[in-house]
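Read the structure below first, then the notes.
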Amino acid sequence: MSDSPSDCALVWFRDDLRLDDHPALAASARRGAVLPLFILEEEAPGESALGGASRWWLHRSLSALAERLNELGAPLLFKRGRAEEIVPTLAREIGVAAVYWNRRYQPWGVAVDKRIKSALKDAGVHAESFNGALLYEPWEVKTKQGGAYGVFTPFWKAECALGDPPQPTPAPKSLPSLAPAARPAGEALEDLGLSPSGPDWGAKLSRYWTPGEAGAQARLDAFLDGPVADYPSRRDRPAADGTSRLSPHIHFGEASPRRIWWNALEAARADGGAKMEEGVWAFLREIGWRDFNHNLLFHNPQMPYANYQRKFDAFPWREDEAGYRAWTRGLTGYPLVDAGMRELWETGYMHNRVRMLVASFLVKDLLIPWTKGEAWFRDTLVDADLANNVGNWQWAAGCGADAAPYFRIFNPVTQGEKFDPDGDYVRRWVPELKGLPKKVIHAPWTADARTLAAAGVELGRTYPRPIVDHKQARQAALAAYEEVKGAA
Ligand code: FAD
């Protein structure tokens, strides 16, 4: 415990809500007393603002972090407002010697951090930032010409060629901290307004998730303790629990990618089998996709609102409020699309295979701009992440980097038959169809009257008829694409 702030450092927590493998915290603890800080940055612009599901998660994750920091003797200071004012003011008022943080990569955050760093340096305060969020940072994975990658496969090859990322550092066992009298006043977590004051839509999320570092670690351990070996064969089956479901934990920084990397390799080594090895690498490749999307956003800061391929700027999108509403509510009449949208509303999560389908449906069957889908996901996903969300929406819309070719338009019926062959995923999330046999569950309008009656399904009453005819919608999408195809 220290009475003197001059040997103390501020550690500014942002999207790195953990103690394990936290380079900024480790650097600060090496130096002397630690004052952990979290700021609810209310000036974040629309694309970086927190959605409803994220607010729910953040509150709980902060609560878990604060508890652990308390145990270590360094209570977390909460502030809300403009970080650009708060950080330098706090540093000056308390007279700390240094401020440490782990870097972020979204355009707004990068700009804020740059200005804060220079203000601190001007004030004679040591300011230092670290990589706590990626395997390698966007400027480290470079093409032979020194540029940035726009295609995943060569990016991943180049990233792997850099070798294993540095070993993670374990969580500190104790933290030197400021004496209580020297600590500045902050806000209570409850007063940050992260929990809704009205009906608590998020309350049901706690049935599915345990935000916080311990929850993240438990999920990682459970996944690496077996299921990862079956990842290649089960990851595309939305009815199976075949993926890690680590995405919200990773987004909030409750588990570091480098910790995941090393623990996964250790699991492969301990098992020694080829199947496990293959599973671990298929899984790590997805962590590579996350790095790739952060790399794209960092080098293309306009991506949250502008097409990566500018020829799509002239794309004839449609205004279709009714279609958008049906999509958000899971009432499109296409069972696999509806199941995905309802899983999202109920759990704050959707399986990746179904995310790709619902995105294709919005953009290509309904011709609604990808930005509207991205905004809905941003508000409802517990793993909403600017780089991953924008990168994947642009990918699905065909206008992104390394995007799916526009003319590959997912068919919601055949996707269902292929990836949910028994219809279990649809039955779970669209219970009004649960009595239908698997032969027709992905296309109830093809069922005969007797089958529908036996299942208690009345199309147009208990479950909608398709809001568009997929065949016609596909033709319309291809015609719309013809209008921009040749543009530069
Ligand atoms: P796993 O399959 O276990 O993968 C492990 C980790 O790798 C994930 O937790 C995630 O961090 C990363 N990852 C997996 N797939 C991708 C991918 N395609 N792109 C980038 N990283 C990936 N993921 C988000 O984290 N936040 C988002 O906002 C988001 N929006 C998406 C929007 C659309 C339209 C689509 C098609 C995908 C989106 N994804 C997003 C990517 C992907 O769907 C999720 O990361 C994945 O479903 C999370 O489940 P999991 O943790 O079980 O993944």
(message) So, in the stretch 451-488, exactly how many residues are of a type in the set (Gly, Ala, Ser) and not in a helix (DSSP H, G or I)?
(response) 5
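Given the criteria at pLDDT 95 or above and either in contact with a strand residue (DSSP E or B) (Cβ under 6 Å, 6 or more places away or on another chain) or assigned to a loop (DSSP other than H, G, I, E, B) (or both), does residue 410 qualify? Reasoning before the result, please.
Values: at pLDDT 95 or above: yes; either in contact with a strand residue (DSSP E or B) (Cβ under 6 Å, 6 or more places away or on another chain) or assigned to a loop (DSSP other than H, G, I, E, B) (or both): yes.
Yes.
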(message) Residue pairs, Cβ under 8 Å, 6 or more apart or interchain, first in the stretch 224-250 and without any contact (Cβ under 8 Å) to a residue 40 or more places away in the chain, second in a helix (DSSP H, G or I) and away from the ligand (no atom under 11 Å from the Cβ). List them.
(response) 242/230; 242/233; 249/215
(message) Can you tell me which of (1) within 30 Å of residue 480 (Cα to Cα); (2) outside the structural domain of residue 418 (by TED's automatic domain parsing); (3) not acidic (Asp, Glu) is the one residue 324 doesn't meet?
(response) (2)
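Among what's in the stretch 388-422 and is of a type in the set (S, T, N, Q) and open to solvent by less than 20 Å² (accessible area, probe 1.4 Å), pick the residue that is farthest from the ligand (Cβ to nearest atom). Give the steps one after another, and end with the answer.
Looking only at the stretch 388-422, we keep the residues that are of a type in the set (S, T, N, Q), and these are 388-389, 392, 394, 411, 414-415.
Cutting the leftovers down to open to solvent by less than 20 Å² (accessible area, probe 1.4 Å) gives us 389, 394.
On the way: 389: 3, 394: 9 Å.
This residue is 394.
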(message) Please count how many residues of the stretch 361-380 are among the β-branched types (Val, Ile, Thr) and under 18 Å from residue 410 (Cβ atoms).
(response) 2
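When the residues of the stretch 289-304 are filtered to those that are part of a helix (DSSP H, G or I) and open to solvent by 30 Å² or more (accessible area, probe 1.4 Å), which remaining residue is nearest to residue 444 (Cα to Cα)?
Taking the stretch 289-304 first, the residues part of a helix (DSSP H, G or I) are 289-299.
Imposing the further condition that a residue be open to solvent by 30 Å² or more (accessible area, probe 1.4 Å) reduces the set to 289, 298-299.
Values: 289: 36, 298: 44, 299: 45 Å.
Applying the filter and picking the extreme gives 289.
Looking at residue 283, is it touching a Phe, Trp or Tyr at 6+ places or on another chain (Cβ under 6 Å), within 9 Å of the ligand (Cβ to nearest atom) and in a helix (DSSP H, G or I)?
Answer is yes for this residue.
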(request) Determine whether residue 348 is over 19 Å from residue 423 (Cα atoms), open to solvent by less than 10 Å² (accessible area, probe 1.4 Å), small (Gly, Ala, Ser) and touching a Pro at 6+ places or on another chain (Cβ under 9 Å). (result) yes
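What about residue 379, is it open to solvent by 30 Å² or more (accessible area, probe 1.4 Å) and of a type outside the set (Gly, Ala, Ser)? Steps first, answer last, please.
Details: open to solvent by 30 Å² or more (accessible area, probe 1.4 Å): yes; of a type outside the set (Gly, Ala, Ser): yes.
Taking the combined requirement at face value, the residue satisfies it.
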(request) Could you list, in sequence order, all residues of the stretch 80-95 that are within 22 Å of residue 22 (Cα to Cα) and open to solvent by 50 Å² or more (accessible area, probe 1.4 Å)? (result) none
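In the stretch 185-203, what residues are assigned to a loop (DSSP other than H, G, I, E, B) and either of a type in the set (A, V, I, L, M, F, W, C) or buried (at least 16 other Cβ atoms within 10 Å of the Cβ) (or both)?
Going residue by residue through the stretch 185-203, those that are assigned to a loop (DSSP other than H, G, I, E, B) are 185-186, 188, 193-200.
Listed by number, the residues that qualify are 185, 186, 188, 194.
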(request) Evaluate the following for residue 272: is it over 23 Å from the mean Cα position of the chain (by Cα) and not aromatic (Phe, Trp, Tyr)? (result) yes
(message) Among the residues of the stretch 136-152, what is the count of those that are surrounded by fewer than 18 Cβ atoms within 10 Å (Cβ to Cβ), β-branched (Val, Ile, Thr) and touching a residue at least 60 places away in the same chain (Cβ under 8 Å)?
(response) 1
(message) Quick test for you: out of 24, 98, 74, pick the one residue that is closer than 25 Å to residue 299 by Cβ and crowded, with 17+ Cβ neighbours inside 10 Å.
(response) 24
(request) Go through the stretch 334-359 and give me each residue that's closer than 14 Å to residue 377 by Cα and aromatic (Phe, Trp, Tyr). (result) 345, 349
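Kindly indicate which of 233, 206 is open to solvent by 10 Å² or more (accessible area, probe 1.4 Å), within 28 Å of residue 13 (Cα to Cα) and either more than 10 Å from the ligand (Cβ to nearest atom) or not in a loop (DSSP other than H, G, I, E, B) (or both). Give the derivation first.
Numbers: 233 fails: within 28 Å of residue 13 (Cα to Cα).
Selected residue: 206, the only one of 233, 206 that is open to solvent by 10 Å² or more (accessible area, probe 1.4 Å), within 28 Å of residue 13 (Cα to Cα) and either more than 10 Å from the ligand (Cβ to nearest atom) or not in a loop (DSSP other than H, G, I, E, B) (or both).
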(message) Any residue in the stretch 66-84 that is under 12 Å from residue 192 (Cα atoms) sitting within a Cβ distance under 6 Å of a residue that is buried (at least 17 other Cβ atoms within 10 Å of the Cβ) and among the aromatic types (Phe, Trp, Tyr)? List the pairs, counting only those 6 or more apart or interchain.
(response) 78/38
(message) Name the residue that is farthest from the ligand (Cβ to nearest atom), counting only residues in the stretch 347-385 that are more than 13 Å from the chain's Cα centre (by Cα) and part of a loop (DSSP other than H, G, I, E, B).
(response) 367
(request) State all residues of the stretch 305-339 that are surrounded by 24 or more Cβ atoms within 10 Å (Cβ to Cβ) and either at pLDDT below 95 or not in a helix (DSSP H, G or I) (or both); if no residue qualifies, say none. (result) 332, 334
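The values are calculated or read from the model by the stated rules, or taken from the named source; none is laboratory data. Computed from a prediction, not measured in an experiment: that's the story for all the values here. Glycine gets a Cβ as well: all are built from the backbone with ideal geometry, and neighbour counts include every protein chain shown. In case anyone asks, the SASA skips ligands and DNA or RNA and just uses the protein heavy atoms, side chains included. Shrake-Rupley method; radii C 1.70, N 1.55, O 1.52, S 1.80 Å.
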